[in-house]
Amino acid sequence: MKKIITIIFLLVSVLNIYAQDDLLSMLPDDKTTEPVTGTFKATRIISGQSIETVAGHHLEYRVSHRFGPINSGSYQLYGLDQGYIYMGFEYGINDNLMVGLGRSTEQKMLNVFTKMRLLKQKTEGGTPVSITLMGEAYADMLRYPTEDSRTNLSKYSYMAQALIARKISDKLSLQIMPTFLYRNRNNVHGETNEVISMGVAGRYKLTKRTALVGEYYYVLPNQIATKYKDALSFGFDIETGGHVFSLHFTNSTGMITKQFLAETVDSWADGGVHFGFNLGRSFGLGKKYKGQHKVPVK
C-alpha cells in the first residue's frame with residue numbers, strides 16, 4: 001500500500017506542475033472564444049469516468065450500487081436480492097485537478113486516482129475538444145489461503161487513461177477513452193499483464209434536468225480470457241439540485257475500471273444485465289462555500 005500511495009503522490013505532484021497557467025498559455029490566444037461547460041454533469045458517465053473534475057476546494061461523496069443479474073431468476077428476485085456497493089471520496093485541489101479514494105465490496109478492492117484537465121473545449125474557432133488525463137492504482141484486499149501463489153505485490157494493478165470529449169450541441173456530448181491497464185499478476189492462464197482498450201460514451205440531454213447516457217469499452221483481442229465480455233451500459237441521469245442521480249443497466253458487476261474493463265463475465269445476450277444507480281453529493285469547503293452545495297445546471 002505504501003508503494004501505491006507513493007506512486008499516486010508523485011503522479012499528483014507532476015500533474016499539478018503541468019496544470020499551471022503556463023501550459024494553457026501555450027495555446028492560441030483567441031479572445032473571441034469561451035470555454036464550453038456542462039459536457040457531462042458528473043465525474044462518472046456510468047461505470048467509467050468523464051472529462052469532468054470536482055470543482056476546486058469541493059469534496060464529493062460518491063455511492064454506486066449494482067444488483068445481481070436479471071437472469072438469476074425469481075428466487076433472487078431477478079437480481080434485487082443481491083448487491084454490490086462502491087463508496088468513495090473525491091476532492092478538487094483546484095478546478096483542473098482532483099484526487100479520489102474509494103472501496104468496492106467486489107473483491108474488497110481499494111482504488112486511488114487523480115484526474116487533470118489538460119485542455120478545455122472552446123466555442124467556435126477555439127479548441128475543438130476537452131482532454132482530461134487520469135491515473136489510477138488498485139489493491140485487491142481479499143484474504144487468500146497461505147498456500148496461494150499470490151504475493152503482496154501481485155495484488156496491485158495500475159491504469160492510465162486519456163478522456164477526450166466534445167460537446168457537439170447543447171443536447172449531445174461524445175467521449176472516447178483510450179485506456180492502458182497493467183496487472184501485476186495474471187488471474188487466468190493465457191491472459192496478458194497489459195490490457196489495452198478503447199471506450200466510447202455519449203450523453204443526450206432530454207430536458208433541463210434529465211439525460212440519456214451510454215458507454216462501451218472494447219478490449220483488443222488476445223489479452224483477457226474468452227469468458228470475459230466487453231462492458232456495455234445505458235443509463236438515465238436526473239439532476240436534483242444537490243446531486244446527480246443516475247439509474248442504469250449494465251452487464252458489469254464491477255464499478256472500478258480494472259473490474260469492468262477486464263473482468264466482466266455477464267452478457268446482454270443471455271440476460272446477464274444488472275440494474276444499478278450512482279449518486280454523488282458535492283460539498284464546498286471553507287467559509288467561501290458555506291451553503292453552496294448544489295450542482296449547477298448547464
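Laboratory data are not the source of any read-out in this text; all were calculated from the coordinates shown. For clarity, every value in this text was computed on a predicted model and none was experimentally measured. For neighbour counting, all protein chains shown are included, and Cβ atoms are generated from backbone atoms with ideal geometry for every residue, glycine included.
Taking only the alpha carbons of the range 195-283, we obtain Rg and Dmax values of 14.4, 45 Å in that order.
What's the ranking of 257-266, 43-52, 122-131 by average number of surrounding C-beta atoms within 10 Å, highest first?
Working: 257-266: 22.9, 43-52: 25.9, 122-131: 15.7.
Ranking the peptides 257-266, 43-52, 122-131 by packing returns 43-52, 257-266, 122-131.
Computed over neighbours whose Cβ is under 11 Å from that of Glu136, the net charge equals +2, Lys and Arg +1, Asp and Glu -1.
What is the ratio of the Cα radius of gyration of the range 44-142 to 2.2 N^0.38 Å, where N is its residue count, to two decimals?
Values: Rg = 17.3 Å, N = 99, 2.2 N^0.38 = 12.6 Å.
The range 44-142 yields a ratio of 1.37.
Would you mind checking the pairs Lys167/Lys229; Lys41/Lys115; Lys120/Lys258 and listing those with alpha carbons more than 18 angstrom apart? Walk me through the intermediate numbers first.
Numbers: Lys167/Lys229 29 Å; Lys41/Lys115 16 Å; Lys120/Lys258 27 Å.
From Lys167/Lys229; Lys41/Lys115; Lys120/Lys258, over 18 Å: Lys167/Lys229; Lys120/Lys258.
Which of the peptides 109-121, 190-202 is most tightly packed, and how do the rest follow, judged by the mean count of other Cβ atoms within 10 Å per residue?
Numbers: 109-121: 21.5, 190-202: 16.3.
Going by the mean number of other Cβ atoms within 10 Å, highest first, we get 109-121, 190-202.
Computed over neighbours whose Cβ is under 10 Å from that of Gly199, the net charge equals -2, Lys and Arg +1, Asp and Glu -1.
From the mean inverse distance of alpha carbon pairs (Kirkwood) and the Cα radius of gyration, derive Rg over Rh for the range 224-275. Don't skip to the end; give the middle numbers.
On the way: Rg = 12.9 Å, Rh = 11.9 Å.
So for the range 224-275, dividing Rg by the Kirkwood Rh gives 1.08.
Highest mean packing comes first when the peptides 226-234, 204-212 are listed by Cβ atoms within 10 Å, giving 226-234, 204-212.
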